[in-house]
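Inspection log for the structure reproduced underneath, given as structure tokens.
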Amino acid sequence: MTETHEPALRVRFAPSPTGMFHVGGARSALFNWALAEQSGGRFVLRIEDTDAARNRPEWTEGIISALAWIGIHGDSPYFEGPYFQSAYEEQHRAAVAKLIADGRAYHCTCTRDDVKARTGSEHQGYDGFCRDRGLSEGAVRFRTPDEGVTVVDDLVRGRVEFPNQAMEDFVIARSDGSPLFVLANVVDDMEMRITQVVRAEEHLSNTPKQQLLWEALGATPPVWAHIPVIVNEKRQKLSKRRDKVALESYRDEGYLPEAMVNYLMLLGWGPGGDREIMPWSEMVPLFKLSDVNPSPAFFDVKKLRAFNGEYIRALSPELFIARCEPYLDPSWGRETFAKVAPLAQTRISLLSEIRDNVDFLFLEEPVFDQASWDKAMKPGAEEILAGYLDRLETVSFDPESLKTALEEVGAAHGLKLGKAQAPVRVAITGRTVGLPLFESIEVLGRERAIDRLRTALTKLTATAS
Ligand code: GLU
């Protein structure tokens with residue numbers, strides 16, 4: 001890389017560790033990560049841990065491990081941090097002191113009730129009562145301009161104007177001196193030499209205040225970009241009460257990180273053309289904030305799942321087996337699993353689905369799913385099972401011959417293969433859907449297959465009598 005005198009791009013991701021790591025946070029992190037990577041800049045991870053009552057260390061760890069899962073980690077040259085907001089309290093307090101000394105902020109002892117009594121309204125902003133009282137204690141308010149507009153030039157939303165008259169003198173520190181988010185966040189960004197702030201749209205209303213703070217502290221504000229909210233199928237903002245939002249739960253269900261990354265990047269952005277499935281390395285150079293669509297982005301779990309299926313199918317057989325490993329029982333024979341893995345790979349769309357597809361091979365007896373049993377074990381099932389049991393003793397044990405044998409047994413009872421398969425499949429696997437039947441029987445082996453048909457027949461006779 002050639003050295004230039006332009007400041008390198010420095011972006012940041014600044015989560016508060018107050019809960020599980022939200023997919024929306026992951027999308028913000030990825031947008032920032034793409035910018036850092038494409039420009040050889042830096043992605044700063046800053047944990048905003050100043051809300052002691054709501055923060056928990058395990059949530060910080062959760063954020064760091066979830067970020068690593070989607071490829072954002074300290075082994076990369078673009079990564080810097082993590083920094084912790086709580087370590088910068090001295091700088092926050094110094095900034096407040098400077099704003100007071102410069103006449104840009106002032107102490108205020110008014111209560112909400114005081115303001116209400118003076119303005120006659122609950123909803124009226126602060127009336128500036130303490131502005132020129134020269135107090136030396138109380139909360140600290142920033143003196144906002146009385147006239148004009150504060151213009152936020154946003155790379156996603158365009159030019160947004162905020163009339164200063166409508167902006168009250170907002171609080172930047174509590175009466176105990178502790179700084180508020182709006183101030184701490186700016187001071188940290190200055191401290192960390194952040195050049196672009198790319199964050200969720202919900203922070204847009206803070207931005208004019210923060211821009212004024214940057215200027216009052218004598219610095220050039222960053223370039224802003226507020227990325228669209230994420231909504232569910234009812235067009236409601238994704239919320240942790242209603243929707244599955246934790247990145248960790250997608251990971252545990254067996255979404256591949258590369259599918260997740262690909263899908264999250266499409267929430268508000270697209271590489272153009274018809275292509276949606278695209279690896280990270282190809283998306284990075286194409287990503288542009290000015291192409292991000294400001295309207296809400298729909299988090300379509302069905303589509304995500306379809307993506308995941310595609311990514312699963314694209315894995316090499318060896319990699320597929322390796323990715324399934326956490327979902328397999330330790331006692332299950334890996335050689336047997338390797339035989340059926342390719343059959344499962346084309347069928348599942350979540351890695352966690354692997355269990356139900358292959359467990360029949362490893363269990364002493366299949367787990368009979370009652371609905372499957374009732375559906376398959378209709379009148380005539382007994383004859384099919386008995387007839388096929390007979391043939392299994394001698395048939396050559398390859399999928400083709402196994403299929404022909406069942407076709408013949410079905411035909412003898414006036415049933416097409418599809419119908420004749422149902423009771424056999426349930427007898428063998430316990431379920432009506434699953435891997436291709438004849439390959440499954442082959443891997444299971446003659447003895448065990450015969451055993452299972454017998455067990456099913458006994459069960460059938462027992463329930464019939
Ligand atoms: N800590 C803030 C949040 O989690 C981030 C604010 C920002 O990105 O500026 O919402």
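The values are calculated or read from the model by the stated rules, or taken from the named source; none is laboratory data. A quick note: this is a predicted structure, and the numbers were derived from the prediction, not measured. Quick reminder, even Gly has a Cβ in these numbers, built from the backbone with ideal geometry, and neighbours come from all protein chains shown. Please note that ligands, DNA and RNA were not included when accessible areas were found on the heavy atoms of the full protein model with its side chains. Shrake-Rupley method; radii C 1.70, N 1.55, O 1.52, S 1.80 Å.
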- Query: Which numbered condition trips up residue 114, out of (1) open to solvent by 50 Å² or more (accessible area, probe 1.4 Å); (2) in contact with a Phe, Trp or Tyr (Cβ under 8 Å, 6 or more places away or on another chain); (3) within 21 Å of residue 15 (Cα to Cα)?
  - Reply: (3)
- Note on the structure: Scanning the stretch 232-261 residue by residue, those among the charged types (D, E, K, R) and at positive phi turn out to be 235
- Which condition number in (1) of a type in the set (A, V, I, L, M); (2) outside any loop (DSSP other than H, G, I, E, B); (3) more than 16 Å from the ligand (Cβ to nearest atom) is the one that residue 135 fails? (2)
- Item | the stretch 188-207, residues that are in contact with a helix residue (DSSP H, G or I) (Cβ under 7 Å, 6 or more places away or on another chain), within 12 Å of the ligand (Cβ to nearest atom) and assigned to a helix (DSSP H, G or I) | 188, 206
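Conditions tested, residue by residue: (1) within 19 Å of residue 453 (Cα to Cα); (2) touching a residue at least 24 places away in the same chain (Cβ under 8 Å).
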residue: 341; (1), (2): no, yes
residue: 347; (1), (2): no, yes
residue: 352; (1), (2): no, yes
residue: 360; (1), (2): yes, yes
residue: 372; (1), (2): yes, yes
residue: 384; (1), (2): yes, yes
residue: 395; (1), (2): yes, no
residue: 403; (1), (2): yes, yes
- Message: For the stretch 241-248, check the following and say yes or no: at least one residue is assigned to a loop (DSSP other than H, G, I, E, B), more than 12 Å from the chain's Cα centre (by Cα) and surrounded by fewer than 17 Cβ atoms within 10 Å (Cβ to Cβ).
- Response: yes
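Scan 153, 169, 146 and give me the residue that is more than 16 Å from the ligand (Cβ to nearest atom), over 28 Å from residue 10 (Cβ atoms) and surrounded by fewer than 18 Cβ atoms within 10 Å (Cβ to Cβ).
Selected residue: 146, the only one of 153, 169, 146 that is more than 16 Å from the ligand (Cβ to nearest atom), over 28 Å from residue 10 (Cβ atoms) and surrounded by fewer than 18 Cβ atoms within 10 Å (Cβ to Cβ).
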- Message: Please determine whether any residue of the stretch 311-323 is open to solvent by less than 10 Å² (accessible area, probe 1.4 Å) and either part of a loop (DSSP other than H, G, I, E, B) or in contact with a Ser or Thr (Cβ under 6 Å, 6 or more places away or on another chain) (or both).
- Response: no
- Query: If you check residue 120 against the conditions, is it more than 16 Å from the ligand (Cβ to nearest atom) and open to solvent by 30 Å² or more (accessible area, probe 1.4 Å)?
  - Reply: yes
- Message: Cβ contacts < 6 Å: first residue in contact (Cβ under 8 Å) with a residue 12 or more places away in the chain, restricted to the stretch 197-212; second residue open to solvent by 30 Å² or more (accessible area, probe 1.4 Å) and more than 9 Å from the ligand (Cβ to nearest atom), any location; separation 6+ or different chain. Result?
- Response: 201/229; 208/162; 211/221
- the stretch 89-126, residues that are among the acidic types (Asp, Glu) and touching a residue at least 40 places away in the same chain (Cβ under 8 Å): 89, 102
- Task: May I ask you to list the residues in the stretch 444-458 that are open to solvent by 70 Å² or more (accessible area, probe 1.4 Å) and of a type outside the set (Ser, Thr, Tyr)?
- Result: 446, 447, 448, 451, 454
- If you check 423, 399, which single one turns out to be without any contact (Cβ under 8 Å) to a residue 60 or more places away in the chain and open to solvent by less than 10 Å² (accessible area, probe 1.4 Å)? 423
- Query: With respect to the numbered conditions (1) under 20 Å from residue 164 (Cβ atoms); (2) within 13 Å of the ligand (Cβ to nearest atom), which one is the sole condition not fulfilled by residue 220?
  - Reply: (2)
- the stretch 208-232, residues that are of a type in the set (A, V, I, L, M) and outside any strand (DSSP E or B): 212, 213, 216, 217, 219, 229
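Has the stretch 154-173 got any residue that is small (Gly, Ala, Ser) and in a strand (DSSP E or B)?
So far as the stretch 154-173 goes, yes, one or more of its residues are small (Gly, Ala, Ser) and in a strand (DSSP E or B).
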